[in-house]
Amino acid sequence: MTYNPDWVEIQQELGKGQTPQDRPDLVTRVFRAKLQDLKDQIFKKKIFGIVAAHVFVVEFQKRGLPHIHLLLILKEGHKIKTADQYDKFISAQIPDKSKYPLLHELVVKHMMHGPCRQHHPTNSCMQDGQCKYHYPRSFISKSMQAKDGYPIYRRRNDGRFETVRGMKMNNQWVVPYNAYLLMRYNCHINVEVCSGVKAIKYLYKYIYKGHDRCAVYIESGDGEKIIDEIQNFQDARWVSPPEALWRIYEFNISEMQPLVINLQLYLPDKHSGTQILKLHT
């Protein structure tokens, strides 16, 4: 889920000539409120079913706008495993404009990938001449389970297309979404079924990776230049204004439930820390 600077809660509070980047306090508090509401929808209203465990991480882009990664583990009996369940919760198609005009507008605005590949070879998703997210995807008339355990969502060749960022796009370019959440939050909110451990490792990596850092080189433009790489090298921490406000307000940057705490045990004739007890709270 990614912050949308056009949210009405943001725009109506801006002063004359201000942009959302001028109000990191507003950006932070509104996004946090949206996140809390999202958690209520998932954990209290159980829109996907009963949640057994979850983990989320808040990240901040270089220009400061926040987004979250949220992983849900549903209880047995509520897990999304079949093609009918995929279609119930997730869509990867452009909606019918005459039947669902608002949803159609939001999908075109927030959920279209690219363009990339030969249409835009310098797009950020491009690696070695290929889109790392595998767009455009192939047409498929019915959702199915792929060999690697991940779903392939239904993308009909229904002739619908929209011009997005100067290119005509069809269902092959739609990022999977949940219609209810997209209409509720009016922002980019990618929803997918995950059947592998890579996503879990990805999120835990972000939780424990520490602060974003950058290397800074400083030199003077006056007089003779004496290069001292040791003296001039600065190891700095990167903190954008919204992240600074997020920490000042003491909002959670990550969350795990249930918690797992490592406790060191000291056994007779053993080195300290040789035994680890994992306590689930």
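The values are calculated or read from the model by the stated rules, or taken from the named source; none is laboratory data. Computed from a predicted model, the values in this text were never measured in an experiment. For neighbour counting, all protein chains shown are included, and Cβ atoms are generated from backbone atoms with ideal geometry for every residue, glycine included. We work out accessible area using only protein heavy atoms, side chains counted, and drop any ligands, DNA or RNA first. Shrake-Rupley method; radii C 1.70, N 1.55, O 1.52, S 1.80 Å.
Listed values, structure above:
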{"quantity": "Greater than 21 Å apart at Cα, pairs in LYS46/LYS79; LYS44/LYS79; LYS142/LYS198", "calculated": "LYS142/LYS198"}
{"quantity": "Paramagnetic reach from ALA179 (point 7 Å along Cα→Cβ, amide N under 17 Å) across segment 36-72", "calculated": "47-48"}
{"quantity": "Rg followed by Dmax, in Å, when segment 1-146 is reduced to its Cα trace", "calculated": "18.4, 53"}
{"quantity": "Euclidean distance of C-alpha centroids, segment 101-173 and segment 5-46, integer Å", "calculated": "28"}
{"quantity": "Cα gyration tensor, segment 143-185 - rounded (a/c under 1.5), prolate or oblate", "calculated": "oblate"}
{"quantity": "Whole-number accessible area per residue in Å² for segment 1-150, which is evaluated in the context of all protein chains at 1.4 Å", "calculated": "56"}
{"quantity": "For segment 53-128: rounded, prolate or oblate by the Cα gyration tensor [a/c cutoff 1.5]", "calculated": "oblate"}
{"quantity": "Of all accessible heavy-atom area on segment 1-101, the percent that carbon and sulfur account for (1.4 Å)", "calculated": "49"}
{"quantity": "Rg [Å, one decimal], Dmax [Å, integer] - segment 80-122, C-alpha atoms", "calculated": "13.9, 37"}
{"quantity": "Cα coordinate range in segment 1-50, projected on the principal axes (Å, largest first)", "calculated": "45, 15, 15"}
